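S.K.: First, the structure itself, so that you have it in front of you.
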Amino acid sequence: MVLTAYLDESGTHAGAEVSAMAGFVGNARQWRKYEKRTAGLFKRYGVKVFHAIDVRRGHGDFKGWTVDRKIEFLDEFQHIINDTLESGVVSFIRDEDNKYYSGLHWPKKPAGILSTPLCSARALPRSLMWSGIFRRRKSRDFMLF
């Protein structure tokens, strides 16, 4: 089984005490269902580009939205995510830990392995195991791309 993860980072700017990487995981069929359903949701609400920070701040396509409209949209959005995708994943690393681990000698990074934040390449597989994705299946082989 091939799973694809779409991830985003936060807190990688200078002065941030903690970095995070979070996103969602699914197979090709699940992502097609997700894309079809979110396309309909985005069209109904007039959203061309989704950034969570824009919803929160009322910027971009979310300018002028009431709190109730934001809640309605996000509620529908999270139901689509829950109905279509395999799992959500998240990892955090403190800046001082990231600096320490980044300073260690690491073997050459294989193509496709994430490094920002450093822990994500190691935390994602563990997150998938904890989420139960692989407990339901025989094969536990996977790759990060």
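S.K.: State all residues of the range 30-74 that are in a helix (DSSP H, G or I) and surrounded by fewer than 10 Cβ atoms within 10 Å (Cβ to Cβ); if no residue qualifies, say none.
M.R.: V67, D68
S.K.: May I ask you to list the residues in the range 11-29 that are under 27 Å from I93 (Cβ atoms), among the polar types (S, T, N, Q) and surrounded by fewer than 17 Cβ atoms within 10 Å (Cβ to Cβ)?
M.R.: Listed by number, the list holds a single entry, T12.
S.K.: Is it the case, given these coordinates, that L41 is touching a helix residue (DSSP H, G or I) at 6+ places or on another chain (Cβ under 7 Å), of a type in the set (A, V, I, L, M) and either at pLDDT 95 or above or farther than 22 Å from Y6 by Cα (or both)?
M.R.: Answer is yes for this residue.
S.K.: Further question: In the range 30-53, which residues are over 16 Å from G88 (Cα atoms), within 17 Å of the chain's Cα centre (by Cα) and hydrophobic (A, V, I, L, M, F, W, C)?
M.R.: Answer for the range 30-53, where residues must be over 16 Å from G88 (Cα atoms), within 17 Å of the chain's Cα centre (by Cα) and hydrophobic (A, V, I, L, M, F, W, C): V49, F50, I53.
S.K.: Scan the range 94-111 and give yes if some residue there is modelled with pLDDT under 85, among the charged types (D, E, K, R), under 20 Å from G23 (Cβ atoms) and over 13 Å from the mean Cα position of the chain (by Cα), otherwise no.
M.R.: Scanning the range 94-111, I find at least one residue that is modelled with pLDDT under 85, among the charged types (D, E, K, R), under 20 Å from G23 (Cβ atoms) and over 13 Å from the mean Cα position of the chain (by Cα), so the answer is yes.
S.K.: Give the number of residues within the range 69-107 that are of a type in the set (A, V, I, L, M), within 30 Å of Y45 (Cα to Cα) and in contact (Cβ under 8 Å) with a residue 12 or more places away in the chain.
M.R.: Qualifying residue count for the region: 6.
S.K.: A follow-up question, please. Exactly one condition in (1) part of a strand (DSSP E or B); (2) surrounded by 13 or more Cβ atoms within 10 Å (Cβ to Cβ) is not met by D8; state its number.
M.R.: Tallying (1) part of a strand (DSSP E or B); (2) surrounded by 13 or more Cβ atoms within 10 Å (Cβ to Cβ), D8 fails exactly one: (2).
S.K.: Looking only at the range 42-62, which residues are acidic (D, E) and under 20 Å from E9 (Cα atoms)?
M.R.: Correct list: D54 only.
The values are calculated or read from the model by the stated rules, or taken from the named source; none is laboratory data. On a predicted model such as this, the values are computed, not experimentally measured, just so you know. Heads up, the Cβs are rebuilt from the backbone with ideal geometry, glycines too, and the neighbour counts pull from every protein chain shown.
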